[in-house]
Amino acid sequence: MNKPFAVLALISLASIVAAPAFAAPETYAIDPNHTYPRFEYSHFGYSTQLQRFNKTAGTIVVDRAAKTASVDITIDAKSVDTGYPLFNEHIQGEDYLDTARYPTITYKSTAVRFDGDKPVAVEGNLTIKGVTKPVTLTVTSFHAMPHPMVKVDAIGANAVTRIKRSDFNAGKNAPYVSDEMTLSIAVEALKQ
């Protein structure tokens with residue numbers, strides 16, 4: 001083998017071995033201290049009420065090079081927080097979330113749409129009270145960078161959608177308490 005060809009072959013082999021995996025999916029675990037799903041609705045037209053859930057778990061898998069991702073989130077429905085314990089119990093009751101029978105709310109993606117290297121929409125299935133419906137979340141912001149405090153890669157996003165409570169057998173008091181609700185989620189997740 002002539003010397004220039006051998007050197008070229010070694011350089012080529014070294015570049016293949018040293019090349020990063022360009023389409024490597026990365027798994028992120030939901031940070032429960034910075035992830036809060038919220039819901040808002042009109043209360044008799046007087047005001048827009050905003051409530052949240054305090055316990056959320058799940059994973060987000062992102063392959064930014066391949067522009068693919070998946071989302072799997074579980075919300076503890078018993079962690080609903082209205083700021084008033086008696087109202088928390090009311091929301092957990094049979095007419096609304098029925099947490100005795102359905103203690104969790106889940107969202108599992110079926111597709112994620114990207115614009116450039118950022119996700120802009122997540123299509124998936126939302127399950128509330130045992131009823132599953134297709135729901136698309138619009139991603140209003142997405143950020144990925146090393147976390148300055150915990151020193152691991154992290155991602156964060158905000159997403160929003162609108163649903164009808166009655167689609168999930170939780171439509172009591174509609175239309176006085178609006179049937180249509182805005183669901184939003186502020187999510188942060190740490191690379192595993």
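Points worth noting:
- Note on the range 74-132: Cα Rg divided by 2.2 N^0.38 Å, N the number of residues, gives 1.45.
- Charging the Cβ of each Asp and Glu at -1 and of each Lys and Arg at +1, and nothing else, the dipole of the range 28-88 about its Cα centre rounds to 60 debye.
- In terms of distances greater than 28 angstrom between alpha carbons, the cross-link table entries Lys67/Lys191; Lys67/Lys164; Lys67/Lys151; Lys129/Lys151; Lys129/Lys191 yield Lys67/Lys164; Lys129/Lys151; Lys129/Lys191.
- Measuring against 24 Å, Cα to Cα, the residue pairs Lys55/Lys118; Lys78/Lys118; Lys78/Lys108 contain Lys55/Lys118; Lys78/Lys118 as the ones spanning a longer distance.
- Ignoring aspartates and glutamates fewer than eight residues from Lys172 along the same chain, the ones with Cα atoms less than 18 angstrom from its Cα are Glu40, Glu89, Glu94, Asp95, Asp98, Glu180.
- Computed about the Cα centre, the dipole magnitude for the range 22-191 is approximately 120 debye when only Lys and Arg (+1) and Asp and Glu (-1) carry charge, each at its Cβ.
- Each peptide among 96-109, 36-49 gets the average number of other Cβ atoms lying within 10 Å of its residues, and from highest to lowest they stand as 96-109, 36-49.
- Entry for semi-axes √(5λ) of the Cα gyration tensor in Å (calculated from the structure that is shown) out of (1) 31, 17, 15; (2) 21, 19, 16; (3) 44, 16, 14: (3)
Values quoted throughout were computed directly from the atomic coordinates according to the rules given, and no laboratory measurement underlies them. Bear in mind the structure is a predicted one, so any value in this text is a computation, not a measurement. Please note: Cβ atoms are built from the backbone with ideal geometry, for glycine as well, and neighbour counts cover all protein chains shown.
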